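Visitor: The structure's right below; bear with me while I get my questions together.
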Amino acid sequence: MKLKFAALSVAAAALVALTAQPASAQQKLTMAYWWGPKHQMMKSQQAWIETVEKASGGNLKIEMDTAGIGKPPGQYDLVKNGVRDMVWFIAGYTPGRFSLYQIAELPFVCPNATTCAPALWDWYAENDLEKMEFTDSKLVASFVHGPGLLHSNKPFPTVESLVNVKVRAGGSNVAIGKALEMAVVSMPASGAYEAIQRNTVEAIFFPWEAVNSFRLNEVAHYHMEVPGGMYASSFGYNINPKAWDGLSAGNKEALMKAGGHAGSVFMGKRWDAADEVARKDALSRSDNQVATLAAAELPKLRKKLDVVRTNWIDMANKKGLNGQKLYEDFLAKVQANTM
């Protein structure tokens, strides 16, 4: 009887200990950060991480690097190779890998990041395109920066005046520069300040946010805005498959609750807010001039840049897809998010 009673006591104690544990044990993910400490993504990425932790009730923690690891084009591979559990990547820095995902980078399709970021997520998910391009990671959220424009050390008021102009470009705007017959100089964003300061280039493609993040308002005093934007780089958060599989069901749900459409809206708003701050700063400087491309020049610009759109459609067709339909679907998604 004593042995039976002792066994029951041990079993009861074990049951009490088990039920005293939290419903989901705390888990932790590592996440890379790779741009400088003054870039808006430092705060935006941390702010998004807080939404994940809140959605999980504190059960999922994400530890973000405080210093960069790896070069920008290698960020996706950090997750692919399991160096970090998560990262934010720029699709255009790995040419050919995410060609469909880069639809947001086509000219005149993204009027702002708040509408375009969730449109990219919805369009990509509804057309089931992730399985074609994200074969070695899981996409968690999609986002873009605000409309890309031209910043320069002197004004270029007409489309014709851009021919042979030395322009810094990276990612998708390389194709933009070539379509405009500019002399494209490829280099990472971090090299733009010195390049235009030393007149290695005369102009640079960037959204407004970069003017502050890279102090370009000190060396590029002319800013040419284009209605609808010339391009918008496609970004995203992704997670290593093993890290994803290791999460509890509750933490998977929390990550995608903070990610997905909601996470895309969140990040899009952050980019637009950063754009507005930088634009206001430029307008406040007596040595900076902000202008909108003249209405008479817009048809010329559209005609020259249309090759970028048709090349994307041809690429999608070669993958066995209906490129024109996908393009039209994306425009409809952007419009739906604008309403």
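Visitor: Pairs only if they're at least six apart or on different chains, beta carbon under 6 angstrom, first in the range 236-247 and closer than 27 Å to ALA113 by Cα, second surrounded by fewer than 20 Cβ atoms within 10 Å (Cβ to Cβ); list them, first residue then second.
Guide: ASN240/GLY82
Visitor: Does the range 171-215 hold any residues that are among the hydroxyl-bearing types (Ser, Thr, Tyr) and either under 22 Å from GLY96 (Cα atoms) or part of a helix (DSSP H, G or I) (or both), and which are they?
Guide: Correct list: SER172, SER186, SER190, TYR193, SER213.
Visitor: Only one of (1) modelled with pLDDT under 95; (2) surrounded by 16 or more Cβ atoms within 10 Å (Cβ to Cβ); (3) closer than 20 Å to LEU331 by Cα fails for PRO227. Which number is that?
Guide: (2)
A quick yes/no check of all residues on (1) at pLDDT 50 or above; (2) surrounded by 14 or more Cβ atoms within 10 Å (Cβ to Cβ):
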{"site": "VAL10", "(1), (2)": "no, no"}
{"site": "ALA13", "(1), (2)": "no, no"}
{"site": "SER24", "(1), (2)": "yes, yes"}
{"site": "LYS28", "(1), (2)": "yes, no"}
{"site": "MET31", "(1), (2)": "yes, yes"}
{"site": "GLY36", "(1), (2)": "yes, yes"}
{"site": "MET42", "(1), (2)": "yes, yes"}
{"site": "GLU50", "(1), (2)": "yes, no"}
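Visitor: Give the residue, chosen from VAL79, VAL52, VAL87, that is touching a residue at least 24 places away in the same chain (Cβ under 8 Å), closer than 13 Å to GLY236 by Cα and either basic (Lys, Arg) or assigned to a helix (DSSP H, G or I) (or both).
Guide: VAL79
Visitor: Residues to consider are MET224, MET267, MET230; find the one that is in a helix (DSSP H, G or I) and in contact with a strand residue (DSSP E or B) (Cβ under 8 Å, 6 or more places away or on another chain).
Guide: Checking each option against the conditions leaves just MET267.
Visitor: When you go through ALA113, ALA119, ALA141 one by one, which is the residue that is touching a residue at least 60 places away in the same chain (Cβ under 8 Å) and farther than 30 Å from LYS300 by Cα?
Guide: That would be ALA141, the only listed residue that is touching a residue at least 60 places away in the same chain (Cβ under 8 Å) and farther than 30 Å from LYS300 by Cα.
Visitor: So, one more: Against the definition (over 30 Å from LEU29 (Cβ atoms), at pLDDT 95 or above and surrounded by fewer than 21 Cβ atoms within 10 Å (Cβ to Cβ)), how does LYS257 come out, yes or no?
Guide: So LYS257 fails the test.
Visitor: Could you count how many residues in the range 296-339 are of a type outside the set (Val, Ile, Thr) and modelled with pLDDT under 95?
Guide: So the count comes out to 4.
Visitor: Output the residue which, of all residues in the range 291-339 that are assigned to a loop (DSSP other than H, G, I, E, B) and surrounded by 16 or more Cβ atoms within 10 Å (Cβ to Cβ), is nearest to the chain's Cα centre (by Cα). I'd like the intermediate steps shown before the answer.
Guide: Our first condition is that a residue be assigned to a loop (DSSP other than H, G, I, E, B); within the range 291-339, this holds for 293-297, 319-322, 339.
If we keep only those that are surrounded by 16 or more Cβ atoms within 10 Å (Cβ to Cβ) too, we end up with 293, 297, 321.
Values: LEU293: 26, GLU297: 29, LEU321: 24 Å.
Out of the qualifying residues, it is LEU321.
Visitor: Here's something else I'd like to know. Restricting to the range 122-138, and then to whatever is free of Cβ contacts under 8 Å to residues at least 40 places away in the same chain and not in a helix (DSSP H, G or I), can you tell me which residue is farthest from VAL307 (Cα to Cα)?
Guide: Here the answer is THR135.
The values are calculated or read from the model by the stated rules, or taken from the named source; none is laboratory data. The structure presented is a predicted model; accordingly, all values stated were derived computationally and were not measured. For neighbour counting, all protein chains shown are included, and Cβ atoms are generated from backbone atoms with ideal geometry for every residue, glycine included.
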